[in-house]
Structures are given as C-alpha cells and as structure tokens.
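One structure is given here, and the rest of the page talks about it.
The values are calculated or read from the model by the stated rules, or taken from the named source; none is laboratory data. All of these numbers come straight from a predicted model, not from anything done at the bench. Virtual Cβ from ideal backbone geometry, glycine too; neighbours counted across all protein chains shown. These area figures cover heavy atoms from the full protein model, side chains too; ligands, DNA and RNA do not enter into them. Shrake-Rupley method; radii C 1.70, N 1.55, O 1.52, S 1.80 Å.
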Amino acid sequence: QKPYEEKYRPAYHFTPAKNWINDPNGLIYYAGEYHMFYQYNPFGDVSGHMHWGHAISKDLLHWQELPVAIKEEGDVSIFSGSAVVDPKNTSGFATKKGQVPMVAIYTGHIEKVNQSQHLAYSLDKGRTWKKYAGNPVLDLGLTDFRDPKVFWYAPENKWVMAVVLALEKKIQFYSSKNLKTWTHMSDFGPTGDTTGIWECPDLFQVPVAGSPGKSKWVLMHSPAPYMQYFVGEFDCKTFVNENPPGQIFRPDYGPDYYAAIMFNNLPSSMLPVSIGWVNNWTYARDIPVTPWRGAMSLPRESELRKIDNEWILYQRPVKAVDLLMYDEKSWYNVSTLEKWSVPETTTNAYVTEIKIDRKAQSYITVDIAGGALLINYDGAGAKINIKRGGNNAFKNPAFEEHSSYSATVKDKGPELNIKVYVDQSIAEVFVNNGEIAMTAQIFPLQENLPPAVYSNRKDGVIQSIKFWKMRSVWTKVKRAPSSK
Ligand code: FRU
C-alpha cells in the first residue's frame, strides 16, 4: 500500500507517516507557519520514549513532518507542554540582534520518579532545538505534575503558566517575568468532572459571538479520558468560573477527543484555534492501524455564546477545511419513511450535512458507515445520541464499553443542523454550527458505505441533505524524513 493510502488512514486529518502519537504540544503560529509538535515515539507504534515530533503547515491542513524537535535524553522523556515566541527576549536566549526565541515549556518525565517543567529553545523558527542548561525551571518533587501551558499576559508584562497536579485534580497557575523563575499564584479544582486524573490544562480568551470586542476566559483541560471547560474571568492571579457549578461542559461529547490545546500567537484577526488528539487512552494502544497510530482532529475555531445562564464554547472546523470539499450534491424534502441512503459514493472521506425542522421532525437517525456510528436526534429530551455499533472491525472490550454518548441541544431554534466530517476511521460530528461537537473513531469492516438517514416517525421529512467528497491532504506530500 502506498503511504497515506493504508487501510483506515485518514485522508484529511493529520497522522504521522509512522509510529505512535498522542497529545498535540506547543501549537503555535509564527512567521507564516503553523507549528504542531506532538507526543511522539520514534521507535514504535505504542506509547513510550516520548519525544516532541514536529510538523508545519501554512493552512492548518497540509502538514509537512519535520525531524523530531525535542529528544528524550537519558531517563528524561519529553511530556506534553506548550510553546511561545519571546520577541522581547525576556528569556535571554537570543544572543544576537534580531533573533526571536521560540521557547518550548514541557514536562521532563522520569518514570515513577519525577515530573518537572523544563525549557528548550529554538533560534531558527523551530527547526533546531536546544535544552536550557538550567532545567528544570519548576520542580515540586512530585511524580504527577505536568503539561504546562504558557501564554503572555500583556497587561502585566508577564508569562502565565497553567499546569496540573494530575492526582489531586488541580490546575495551578504560576507567573514569570523570564520563563525561568516561576511564582505560584492560585489553584483551581477539583470540580466538575473529577472521575479521572486531570491532564493538559489550557487557559485562553474567546470572543463572545455578536459582541464585538467582548471576550471571556475559558479554562479547558482533560479529566481522563474526556475533556471539560469552564468559562469566566481571570485577573492574572485567579480563575473564577461563571458557568453553573455542578454541571459539566465538554468541548467534545464523544469518546475520542483528548488533550486539545489552543494555538498561541495567532494573528489577532483569527478566532482561537485548537487541535485535539482523536483517541481514548482506554484503547488507544490497540486501535487496528499501521504503520502509524494516533491522529489529530481538524483544527477548530471557537466562539462563545450564552444560552440561558450558560456560556457555551462553540467550535467548528476552520474555514480552510471547506477548500477540500468537492462534488457537492443536495436533496430537499427527503422522506424518511424508509431508510434513505445517499445514492452514490465510493468514498469514506466525505462531509454530510442534515437539516431538519424541529417542529416537523422530532426524531432522526444518521447512519455512518453501515452502523459503525449512529447519530440520533431525539426531540423529546433535545438529545443528540451517538452509538458505535454494527459494522466495526475493532473488537476490543474498552472500545465497545466506550460506545454510547449523549449531549443536550441547548439552542432552541426552529432548525437543527447536523454536520459530519467522515474520514476513514474518524467521524467528527458538529451540531447547530458548533454548539455540540462529538468525535468518534470507527473502523468499518465493510468500507465505503454511503451515509443514510431514517426516522421511526411516519411524518418524517428532512429539509435538506448535503454531501461532499473530500480531497486528501497527502497526495503531494513526500514521506516524512526519518526521525532518527
Ligand atoms: C495526556 C498525557 C499527558 C502527558 C502525555 C504523555 O494524554 O498523559 O498528561 O504529558 O500524555 O505522553
């Protein structure tokens, strides 16, 4: 099989040429390039020997893999973290005029012994990296203290770090003038989803849709194996949640979206953009793919909307994704008395969009890949339910256990819109233009089955169904250079 054409290989989602990846790390835009670093094992297709892999892109979709950026050294492996550009050279890493350091802040991990925060820097736009000789820069002598996300807080001329005490289920905030000395400011948590350990925090500002100039702070993180967010205010010391406490808000309500973080340093004209790891630790090591293992979500842009008393983080794929769509077909007023399938398709890389009038149609099921994923809207409780089943080749108890998910539609508008991005082994579902996102992996036994819709209501009529094929982002890409 040709590279990027292997069974289940996504056509328009990022996967590495080979080997294991997990969390996106150090997402940053600089000098016309989006950089994505990620947890990467250059030696195999299961987690271990974590390094920071590296890919760059000019449009967030067509990625070019570069050699490994930050390497495991001795017993210290390179766990998750973030990257900043330091144009004021607060870190002092630039030694010549005009150099702008790009600085990675990551967790140095010594198995069962210690996790502490470290720096590495690049003076050549991320191409080569040096570890800081004074590492670690923040060490509490703990085994589960990780995933620093750092950003510049302009009003106080400071760097701010969000980092987790994973076992205590706390997010801590620190500040620094130079990235090297850190002062503790406050702790957040445990609250919300406290079932699993807490990982990968991020704190960022998100514009409020329809209110130019207004934004709120969002604190997002990964309580294993899912994600949650809080919306409120941050005064450069403490984060205060303003969403109803005791209620859980998730950036994604499906089984396969984890460790997402936002890009740093985006042009101010852009909305915040995040990428997550499309996987779930409970079965991630066993998903039936080779020679790579692990994929990234589509880049998603975010806005906030308030519905009743709740701030909702809306997310939708960035506009550049539209450029991959071709061969649009649409159908109107489709009766769902019988199961209705998109008449022709020979692809499992497509987008489909279903619109219904919620008064006329209170129950609808969208069938992806012959039952590999069923997406159901039930007007009774305004629920979106997804269920993996049927046509799935991955027979794994954890995968099967994590197969049914549900979210409540809060927008009470007259229309419901379900848009599904299907890409071989990934389905990203967006409801009502981003009010709800749900991501699930599928491994269809029988491939290239068209999507279908049906309802158990006799009066069922669907306003419109649209379907687009999707181009591969890998056709012109050469194989990544060997990372050794
Ligand atoms: C989250 C995580 C992080 C850690 C990294 C190790 O998926 O467990 O907490 O830094 O993965 O690869």
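Remarks
- When peptides 354-364, 93-103 are sorted by average Cβ neighbour count within 10 Å, with the highest value leading, the order is 354-364, 93-103.
- When each of the peptides 213-220, 312-319, 80-87, 251-258 is scored by the mean number of other C-beta atoms lying within 10 Å of its residues, the order from highest to lowest reads 251-258, 80-87, 312-319, 213-220.
- Sites Asp75 and Asn178 - FRET efficiency at Förster radius 41 Å, r taken between beta-carbons, to 0.05: 0.90
- Short-range pairs are left out: with C-alpha atoms under 8 Å and at least six residues apart, the relative contact order of the stretch 65-176 is 21 percent.
- By accessible area with a 1.4 Å probe, ligands and nucleic acids excluded, highest first: order of Ile110, Ile368: Ile110, Ile368
- With 20 Å as the limit on Cα-Cα distance, the pairs of Lys355/Lys383; Lys395/Lys466; Lys170/Lys237; Lys112/Lys149 that go past it are Lys395/Lys466; Lys112/Lys149.
- Ranked from largest, the principal axis spans of the Cα set of the chain equal 70, 52, 42 Å.
- Straight-line reach from Lys2: taking Cα to Cα under 19 Å and skipping same-chain neighbours fewer than 8 places apart, the lysines in range are Lys18, Lys476, Lys478.
- Directionally averaged projected area (convex hull, Cα atoms, the stretch 1-151), nm²: 9.8 nm²
- The modelled label-to-label distance between Lys412 and Val100, using points 7 Å beyond Cα along the C-beta direction, is 4.8 nm.
- For the chain, carbon and sulfur atoms together expose 51% of the accessible surface, with a 1.4 angstrom probe and every protein chain in place.
- Modelled this way, with points 7 Å down the Cα-to-C-beta line, the labels at Ala133 and Ser211 are 5.0 nm from one another.
- Put the Cα centre of the stretch 212-232 next to the Cα centre of the stretch 240-302 and the gap is 11 Å.
- Of Arg300, Arg471, the residue with the largest accessible area leads and the full order is Arg471, Arg300 (1.4 Å probe).
- Rounded to the nearest 20 debye, the dipole magnitude of the chain is 960 debye, with +1 charges on Lys and Arg beta carbons, -1 on Asp and Glu beta carbons, and the Cα centre as origin.
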